[in-house]
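Q: First, the structure itself, so that you have it in front of you.
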Amino acid sequence: MTPDGTTTQSTDQRSALVVGASGITGSALVERLTRDGWEVSALSRRAGTRDGVRGIAADLRDPEGLRSALADERPTHVFFTAWQRQATEAENIAVNSAMVRDLLAALDHAPLAHVALVTGLKHYLGPFEAYAAGEMPDTPFHEEEPRLDTPNFYYAQEDELFAAAERQGFTWSVHRSHTVIGHAVGNAMNMGLTLAVQATLAKELDLDFVFPGSEAQWNGLTDMTDAGLLAEHMVWAATSPEGADEPFNIVNGDVFRWRWMWPRLAAHLGVDPARVVGFSGEARPLEQQMAPHEAAWAGIAERHGLIESDITRVASWWHTDADLGRAMEVVTDMGKSRDAGFTGYRRTEQAFADLFARYRADRLIP
């Protein structure tokens with residue numbers, strides 16, 4: 001790997017299919033792979049347009065449509081980043097495991113060498129219905145921890161990946177990220193843009209910028225995952241012998257406390273320090289804080305010439321509330337990746353700052 005993190009191996013005859021290419025991680029992967037000289041196909045429900053990338057429109061919940069859309073595709077590497085949230089974990093398992101199974105079955109004609117799957121720390125924390133509840137492994141989380149005795153769609157996705165690898169003869173990797181921050185619109189789990197929208201509403205409506213989470217999150221150590229680093233990690237595992245047939249945690253490599261980070265993010269977002277409020281006795285979820293103010297977003301967008309006037313496309317209150325509302329410290333061990341040769345790192349505050357600057361440049365926030 002070169003100093004800038006690009007792969008040193010030849011990309012001759014290497015082609016990538018990025019599944020979920022319009023999401024936070026998928027977008028970062030498309031950028032990474034094209035920069036590294038790969039032939040890239042990008043699959044999403046609506047085919048995107050990007051120089052040097054072949055867009056494929058397909059519904060992952062339509063097996064016949066998938067097979068038709070992928071009939072002429074012959075990727076050597078698949079990067080699977082998609083998921084669809086359902087009302088119950090049983091439905092999450094049924095839908096999301098089927099998407100992995102059907103996608104890989106539709107590529108049974110392709111010369112697949114490696115498939116990389118993104119999951120996350122719910123592998124250790126449990127699914128939404130039992131999130132951070134019951135008995136869990138101690139932190140920092142390590143990859144060798146056994147699965148929880150709770151149904152979890154991440155486990156079901158892994159099992160479909162393992163079964164397809166055995167049938168089709170490719171190697172695999174699983175990438176367990178913490179909260180991912182990166183550039184995307186309309187994503188169901190986007191803390192970076194959500195906090196930027198919260199700060200914009202606070203400034204425009206003369207509100208306090210209130211930390212929404214728990215005392216444990218305010219005072220405890222935590223970490224995060226930059227989407228660009230996650231993409232770098234996935235490409236490393238997909239092209240390195242040390243990455244084959246292994247699960248890996250992937251976080252930025254630094255740790256912080258929200259009581260330290262919150263005022264710094266406020267400064268990057270231009271919030272008056274006098275209006276920055278930390279944890280003060282109880283959690284104040286964004287879904288409740290922001291509900292009376294959501295209607296103002298359309299006017300703010302029009303006034304500042306922003307490209308997205310639908311607040312539901314730029315803010316995912318529920319997901320940020322879930323992450324910042326956990327009643328336990330959450331940190332992640334990166335030793336396995338380091339031992340295997342991955343040395344990528346991001347400073348989380350700088351990752352946020354760079355992301356906010358990009359949002360401004362793209363007219364997502366003022």
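Laboratory data are not the source of any read-out in this text; all were calculated from the coordinates shown. Since we're looking at a predicted model, the values are computed, not measured. Ideal geometry is used to build each Cβ from the backbone, glycine not excepted, and the neighbour counts take in all protein chains shown.
Q: For the chain, which span is the longest to avoid every loop-located (per DSSP) member of GluC sites (Glu not before Pro) having at most 16 other Cβ atoms inside 10 Å?
A: It runs 145-281.
Q: Next question. Under Stokes-Einstein, with the Kirkwood radius over Cα pairs standing in for Rh, what whole-number D in µm²/s applies to the stretch 281-366 at 25 °C and 0.890 mPa s?
A: Translational D for this selection: 153 µm²/s.
Q: List, in order, the whole-Hz ³J(HN,Hα) value for each residue of the stretch 250-258 obtained from phi through the Karplus relation with A = 6.51, B = -1.76, C = 1.60 and θ = phi - 60°; use x for Gly and Pro.
A: Couplings: 8, 9, 5, x, 10, 10, 7, 10, 4 Hz.
Q: Run the helix sum for the chain: -39,500 (n - 2.57) per DSSP H stretch of 4+ residues, divided by residue count, reported at 222 nm to the nearest 500 deg cm²/dmol.
A: Numbers: 14 runs with 141 residues, N = 366.
Rounded to the nearest 500, the figure is -11500 deg cm²/dmol.
Q: Say the dipole of the chain comes from +1 at the beta carbon of Lys and Arg and -1 at that of Asp and Glu; which of Gly299, Val271, Val78 then lies farthest toward its positive end?
A: Gly299
Q: If you rank Asp36, Asp59 by fewest surrounding Cβ atoms within 10 Å, what's the result?
A: Lowest to highest Cβ neighbour count: Asp59, Asp36.
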